[in-house]
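Report on the structure given below.
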Ligand code: DGJ
């Protein structure tokens, strides 16, 4: 027997522990994560029954979990005439059409001769390694379980997959069906997962929106009825994100039960919640059956995207933290996993289509001087593209704008010490393009019909292998030639006129398009492993876990306005970590809202995300440049905490209050950063108190505000009340005074224990609201904000700093 070292004993113990995350006791399956249990079993009739999903509990035997329906059930039907098997009332783990369950079904497959009645019965199970499928999936689960069901008359095998992620408190599920009959079958509907449970006093949180208004949080009580959130536009969409939450009515950010659901998929999806009169609730999520019909030939298999489930009984922040951990550790992969992301400058809002090499170099040089690390050349560098009507598809450089080519520009940018990034929109084609002239059949359109356009463009047919190969070749050439370090992959129209020239069944178009896209992304990310890809679809029209498997970050929204971003980033944060959210400081008046907000506020919201700039740095004033330089310096020091720390939202959030805050705590719990955001200033606002959960109770911390300069001009005519002479507003003297004199900002510095921060919090200085001003008044005004830093308190360092300060 080999000698066992301490280390090998530890490894064995850990292995044993993780092996036990799935326990099987007499056909009952207990899936465990650190804090949750998920329990289901197969009954003697072959039905798979769901029993429990919630806080982790001990399990002895299944009887207390079983539904007892011995008194009959009105108009319900008995499954195969078996005693008590009122299938319409049972909590099922998998449902199907035609045997008496009249709720929304999980699966519907028809047989050419035998019709629409499915009957899947339990056959067995196996603990397996994570299988590799064509679809993007999560990775590094603790354990994977496969449950086998069989419809013996239709000869269809159905496999239910369960993956357990212990630390993330996540369980993922997906389904595979295999046609073992001699006939060709048709799949009409196939969801990735189903969960049936009791629904009393629950509400739904969904994240809905539109262009420039993505993922706003909406809440509604779940009473009897069918609730659907879905996408029919071909992408996961900005209308309803695939992520949603079912929570207790009184669950808040810090307390109560909540279930979170998401899908690793970027195409049309549906999320269905049905609540019955008996308060049974069924939740389904999967590919949208809209325009979907899949031909399943003999021996062929079909696999669904993976669904992601999490539960917490500690409120919505804890639910988000589960999802954030899961995305960072089990979705995002490759070189950029857990890596701090570069600060970028993007030329789009600075130049739109109107640029040349000189202009770009100036922007890049200016940005470099301020501390930026990556230059991104956006739309307009290729073909004949001077507006949004031409050239998509012609992926060769526009020599009028860049006569020396992309690689020369890239070299010059790199010589400055910046990384070089490039915008592409590969899935599209303009009718005015060389590609369209050569290959009109590459565009998606129904023969004989005039296609609808979106932003003057048509979609390329990614269901066609030739088109996919064309894109892989073109893009590989450009990425290599221009030595790109970063790619912004855009997608600016929804799908219409669905038709694939190589498809036999047009009911497969939407899903095959998505599979085609994934095939391209798989090739390119493999060939260019060092490239940082950022997914974009007119901002956040395709912000989902499918894209995040290939692209570690997403352009959250085209809307860069301070106020709008508070809602968008708060909504997005429920399901996705800050390490995925692109957030740029742009010019004012803002190009989407025409709103003017302070530069500090634009930075303060963008730093709770992946910081970038999207403006002409050359147009910044000297004092603005100095501010940006300081912001960037500060962000670099703190970005690890901001991008990968534990994130919390205040309660109430911006969706219920005029001001709100976020904070991130670093992994060692030695540092926290708080962003406080106000919409409008109103008189007699409630007092602002910052409470921080998650630090160490008995550790001392020093809480302090980042001092923000106050611009005197904010006081307007009030200046004449304090000056010995009267000056003309906005006149020369006024402007000089405003430039030279900055009132001392408030100082909110306190030494507090972690426990104090948690329960009592820190009361901030009163805001200016028309009744007096001095250096103990916080001037926020409309769209004002602040950053606070909380550091582990070190007496020695503190004394030293104070000494230095008093010495001047
Ligand atoms: C839409 C994107 O969201 C913008 O950031 C920009 O890249 C434009 N497309 C370019 O056409």
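On the principal axes of its alpha-carbon atoms, region 688-753 has extents of 55, 20, 18 Å, going from largest to smallest. When only alpha carbons are used to place a centre, region 557-615 and region 647-694 end up 16 Å from one another.
Expressed per residue, the C-alpha convex hull volume of region 16-90 stands at 94 Å³. Remark on the chain: hydrodynamic radius 28.8 angstrom, per the Kirkwood mean of 1/r across alpha carbon pairs.
Using the beta-carbon distance between residue 121 and residue 34 and R0 = 22 Å, what value does 1/(1 + (r/R0)^6) give for FRET efficiency, to the nearest 0.05?
Working: r = 33 Å, r/R0 = 1.52.
Once the sixth-power term is evaluated, E becomes 0.10.
Computed from Cα atoms, the angle from the helix 6-19 axis to the main principal axis of the chain rounds to 60 degrees.
Taken over the Cα atoms of region 653-808, the convex hull encloses 134 Å³ per residue. Note that region 624-744 carries a Kirkwood radius of 17.7 Å, evaluated over its alpha carbons pair by pair.
Normalised by the residues of region 358-401, what does the relative contact order come to in percent, with Cα pairs under 8 Å and at least six apart?
Over region 358-401, the number comes to 26 percent.
The label point for residue 220 and the one for residue 685, both projected 7 Å from the Cα toward the Cβ, are 3.3 nm apart. Note on region 502-598: the alpha carbon radius of gyration divided by the globular reference 2.2 N^0.38 Å gives 1.33.
Overall shape of region 84-182 was characterised from the C-alpha gyration tensor. The equivalent ellipsoid obtained from it has semi-axes of 27, 17, 12 Å, in decreasing order.
Packing here is the average count of other Cβ atoms within 10 Å per residue, and on that basis the peptides 512-519, 397-404, highest first, run 512-519, 397-404. Would you mind computing, in nm to one decimal, how far apart the modelled labels at residue 741 and residue 797 are, each placed 7 Å from Cα along Cα→Cβ? In this crude label model, residue 741 to residue 797 measures out at 3.7 nm. For region 332-346, the residues whose amide N sits under 16 Å from a probe point set 7 Å from the Cα of residue 640 along the beta carbon direction are 337-342. Sorted largest first, the spans of the alpha carbon positions of region 255-365 along the three principal axes are 68, 48, 30 Å.
Helices in the chain, meaning DSSP H runs of at least 4 residues, each add -39500 (n - 2.57). Divided by all residues, the mean residue ellipticity at 222 nm is -6500 deg cm²/dmol.
Spatial offset of region 356-382 relative to region 309-352 amounts to 26 Å, using the alpha carbon center of each.
If region 522-574 were replaced by its equivalent ellipsoid, with semi-axes equal to the square roots of 5 times the Cα gyration tensor eigenvalues, what would those be, largest first, whole Å? Let's see the in-between values first.
On the way: eigenvalues 126, 22, 15 Å².
They are 25, 10, 9 Å, listed from largest to smallest.
Pairwise alpha-carbon distances in region 718-797 exceed 17 Å for 64% of all pairs. Across region 163-288, the convex hull enclosing all Cα atoms gives 143 Å³ per residue.
With bins 10 Å wide beginning at 0, the percent of Cα pairs of region 403-521 falling in each bin runs 12, 40, 29, 14, 4, 0. Roughly what angle does helix 562-573 make with the longest principal axis of the chain, taking Cα atoms, 0 to 90 degrees, to the nearest 10? Around 30 degrees separate the two axes. Contact order for region 377-494, expressed relative to its length and based on alpha carbon pairs under 8 Å spaced 6+ residues apart, stands at 32 percent. Please tell me the relative contact order of the chain in percent, rounded to the nearest whole number, where contacts are Cα pairs under 8 Å and at least six residues apart. Computed value for the chain: 9 percent relative contact order. Between the beta carbons of residue 75 and residue 502, assuming R0 = 41 Å, the FRET efficiency works out to 0.30 to the nearest 0.05. Compared with the dominant principal axis of the Cα atoms in the chain, helix 357-370 is inclined by about 80°. Inter-part distance, region 133-191 to region 743-805, computed on C-alpha centroids, equals 54 Å. The slack between residue 732 and residue 618, meaning 0.36 nm per residue of separation minus the straight C-alpha distance, is 38.6 nm.
Since every read-out is calculated from the coordinates, none of them should be taken as a lab result. This structure is a prediction, so every number in the text was calculated from the model and none was measured. As a convention, Cβ positions derive from the backbone with ideal geometry for all residues, glycine included, and neighbour counts pool all protein chains shown.
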